[in-house]
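Read the structure below first, then the notes.
The values are calculated or read from the model by the stated rules, or taken from the named source; none is laboratory data. All values reported here derive from a predicted model rather than from experimental measurement. Note that each Cβ is placed from the backbone with ideal geometry, even for glycine, and that neighbours are counted across all protein chains shown.
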Amino acid sequence: MSPKNISSEIIKLAHGAGGVLQEELISFITKNITYKNVNKGIGVQELDDGATIPLENYDKEIVITADGHTVYPLFFPGGNLGTLSACGTINDLIMMGAQPLALTSIVIVEEGFKFEQLEKIIDSFNFKAKEAKVAIIAGDTKVMPKGTLNDMIMATTGIGIKDKNVIVLDNNLKQADKIIITGSIGDHGTALIASREGLNISTDLTSDVGSLLEIYNVLREEINNNFIHAMKDPTRGGIAGALNDWAKKSNVGILLEEDKVTLKRQVKAICEMLGLDPYAIASEGRALMSVDSDKADEILKKIRSTKIGKDAVIIGEVNSNHPRKVLLNTLVGGTRFVDMPIGENIPRIC
């Protein structure tokens with residue numbers, strides 16, 4: 001792929017925000033990588049939530065994920081850059097079926113940034129790692145000249161481990177699987193946009209940012225027995241992006257029930273006010289799961305036993321109709337496609 005083969009000759013904010021344009025950018029960046037996996041594990045080619053390195057002569061494999069965090073504002077209702085960086089990386093490991101073990105952290109700050117703000121962000125990052133019993137084992141720090149960076153960004157690597165026989169992948173959906181979401185959707189992106197200057201939106205909505213480790217711990221047996229076929233945290237691109245990614249990679253159709261998808265009244269009101277699609281807005285403390293239909297009720301009950309998953313619901317199922325597409329049975333009785341977003345309407349949400 002050359003610049004002449006892509007839809008734009010310049011990089012736009014939307015290229016980094018989930019959806020069709022981000023897929024285009026990732027393809028452009030990765031097209032000339034020679035070695036894309038290790039020991040026939042999951043690598044760049046699969047574009048999953050992480051990569052795996054199967055260990056020779058052992059029944060385990062290392063799981064690695066990498067993430068950059070550019071959220072603005074740095075402090076938002078319910079969290080901050082540090083909270084987001086730790087939880088987001090830990091969650092990506094969990095979405096691969098792995099036990100999180102360690103993090104690395106790169107901190108890049110702009111000249112003139114206040115130590116008081118830096119301390120709050122780093123303390124939040126450290127607290128969330130400690131809460132999950134995840135070590136912070138390496139990192140780097142850089143300072144950029146004034147005017148070349150907007151305050152601060154962080155980049156992380158997550159390291160976990162899992163059994164080789166555990167298969168939790170985007171391309172692993174099965175016919176008749178039930179689709180579970182562990183709570184309401186769009187809380188993070190909507191809370192963040194409402195807190196930005198100039199919009200004059202008054203709301204008590206907070207981000208859903210949080211670690212999904214509690215859910216992972218109650219579902220270990222189901223994960224190890226491969227009753228959970230795929231997991232994904234619907235960040236950039238929201239559930240629309242995540243579900244379309246699954247449908248495309250697994251070559252299946254997904255049918256959702258609108259009356260089952262939980263939208264907080266604040267999210268619905270703000271989205272209607274700003275003309276946003278809540279299905280395409282990021283959540284940072286939710287998991288989508290595609291699970292064995294015979295085990296779905298049992299899995300749902302276990303998720304609901306946790307604090308972060310108490311509002312989990314089954315919102316749809318996998319079928320053979322309309323392969324590679326996501327459909328929604330609407331409240332008014334019709335059916336519509338849920339399309340892959342072109343790009344996130346809200347830049348710098350994670």
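Worth a mention:
- When L255 is tested against (1) surrounded by fewer than 23 Cβ atoms within 10 Å (Cβ to Cβ); (2) over 19 Å from A282 (Cα atoms); (3) in contact with a helix residue (DSSP H, G or I) (Cβ under 8 Å, 6 or more places away or on another chain), exactly one condition is not met: (3).
- For V209, the test of being assigned to a loop (DSSP other than H, G, I, E, B) and within 18 Å of the chain's Cα centre (by Cα) is passed.
- Among the residues of the range 258-267, those that are part of a helix (DSSP H, G or I) and either buried (at least 18 other Cβ atoms within 10 Å of the Cβ) or under 21 Å from the mean Cα position of the chain (by Cα) (or both) comprise E258, K260, Q266, V267.
- Candidates I193, I185, I179 - the one that is part of a strand (DSSP E or B) and not basic (K, R): I179
- In the range 271-293, residue nearest to the chain's Cα centre (by Cα) [restricted to those that are surrounded by fewer than 19 Cβ atoms within 10 Å (Cβ to Cβ) and either free of Cβ contacts under 8 Å to residues at least 40 places away in the same chain or not in a helix (DSSP H, G or I) (or both)]: D277
- Taken as a whole, the condition of being modelled with pLDDT of 95 or more, under 29 Å from L213 (Cα atoms) and outside any loop (DSSP other than H, G, I, E, B) applies to I303.
- Within the range 79-120, tally of residues that are surrounded by fewer than 20 Cβ atoms within 10 Å (Cβ to Cβ) and either assigned by TED's automatic domain parsing to the domain that holds G186 or over 20 Å from G139 (Cα atoms) (or both): 4
- Subset of the range 167-198 (residues that are touching a Gly at 6+ places or on another chain (Cβ under 7 Å) and either surrounded by fewer than 22 Cβ atoms within 10 Å (Cβ to Cβ) or of a type in the set (F, W, Y) (or both)): G183
- Of the candidates I270, I281, I342, the single residue that is more than 20 Å from K178 (Cα to Cα), in contact with a Cys (Cβ under 8 Å, 6 or more places away or on another chain) and among the β-branched types (V, I, T) is I281.
- Under the condition of being in contact with a Gly (Cβ under 9 Å, 6 or more places away or on another chain) and among the aliphatic types (A, V, I, L, M), the residues counted in the range 34-65 number 6.
- Counted residues, the range 143-165 - those being on the phi > 0 side of the Ramachandran plot and of a type in the set (D, E, K, R): 1
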